[in-house]
Structure formats: C-alpha cells, structure tokens
Amino acid sequence: MKLLSTIHQYDVSMFYWVMARKHLAVFTQISRWVSRSGDGGLYALFAVYLFYTGLPADRLFLTTGLAAFLLERPVYFVLKNWFKRNRPQDALFDFRSFIIPSDQFSFPSGHTSAAFLMATLLTYFHPALAVPAYLWASGVGLSRIFLGVHFPTDILVGATMGTSIALFSMRILGT
C-alpha cells in the first residue's frame, strides 16, 4: 500500500509540474483536437478505408486491428473498473479539468491505449509511418494530461497496454 501511495504522490507532483507549464490557451485548444483524434471516429474511418481498398495487406491490417481492439477494449474496461482510480479533478481538491471525461475513472487511459495500439499496428504494416504514428500516439497521451483528465501513470500504463495488446494480437494471428 505504501508503494501505491508513493506512486500517487509522484503522479500528483508530475501532474502539477505539467499543469504549471501549460499556461498558454493555445495548448488547451491543440490538446482538445489531438485528444479528439483518439476518440474512435478516426479508427472507424480508417477501418472503412482499409475494407474498401481490397488489398490483401490492408485486409490483414484490418483483421489484426479488429482482433486487437476486441481484446483491448474489454481489458481496458475491466482494469478501469477494478482499480477505480479517481481522475485528477476528483482526486485533487484544487483542480478542475478542462474537459468532461467520457467515464468516471482514470486508470488506465483508454485514449492512450487505443492510440498506441494503432501506432504499433501502423508501424508493423507501414514502417515508414512509425515516427508520425508514435508522435501522434504520444500526443494523444500527453493531451489527456494537459486537459486534466489523467495522471502520468495512467498514460504510461495505457501506452504499455496498447502496445502489448497489438504485439500479442499480431503474434496470435501470425502476422
């Protein structure tokens, strides 16, 4: 229990450090857009595109992505409802987030998990997109901190979870 308390104290310190550097309104606006890119709509559009291209590699990407998300979403849901970690606004008496989160709990970050899952798959199937894919996924994670709805470890665990599930899905499907 002492370990969890120490991690939480570190998390709160890092959270406040980030918030102290987020003094420009433009960061909030950019964070809103980057965060929205990880809401799920972009993934659905991409899946439709892959489905209609008809290329075998794109179909394999689509199949692997669907399998990975079918595993990632339940794992995310179970962890989030098992840990029941309060979001910064509920955990810190002197803070208000910049957006209304889509659910109650903070750990792990579902936006970050999904973004890193997608970045990992993109990197495997289209290696030339590795840098922009991981920059985007990192931006999604950081935007969730900047908007005040996640602590840094929520993002770290979300990134690890998304990457791990993508790699696991590729291995299971033999891609």
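The values are calculated or read from the model by the stated rules, or taken from the named source; none is laboratory data. Remember, predicted model here, so these are calculated numbers, not experimental data. FYI the Cβ positions are ideal-geometry reconstructions off the backbone, even for glycines, and counts take in every protein chain you see. Ligands, DNA and RNA are stripped out before the accessible areas are found, and what is left, the full protein with its side chains, is counted by its heavy atoms. Shrake-Rupley method; radii C 1.70, N 1.55, O 1.52, S 1.80 Å.
Can we say residue 119 is in a helix (DSSP H, G or I) and buried (at least 22 other Cβ atoms within 10 Å of the Cβ)? So residue 119 fits the description; yes.
Residues of the range 35-69 being touching a residue at least 40 places away in the same chain (Cβ under 8 Å), part of a helix (DSSP H, G or I) and in contact with a Lys or Arg (Cβ under 9 Å, 6 or more places away or on another chain), which ones? Correct list: 35 only. Can residue 26 be described as farther than 22 Å from residue 169 by Cβ, open to solvent by 60 Å² or more (accessible area, probe 1.4 Å), over 13 Å from the mean Cα position of the chain (by Cα) and not acidic (Asp, Glu)? Yes.
Within the range 156-175, residues that are closer than 19 Å to residue 109 by Cβ reach partners that are acidic (Asp, Glu) with beta carbons closer than 6 Å, at six or more positions or on different chains, in the pairs 165/72. Checking each residue in the range 140-175 for being surrounded by fewer than 22 Cβ atoms within 10 Å (Cβ to Cβ) and either in contact with an Asp or Glu (Cβ under 6 Å, 6 or more places away or on another chain) or among the small types (Gly, Ala, Ser) (or both) picks out 152, 153, 164, 174.
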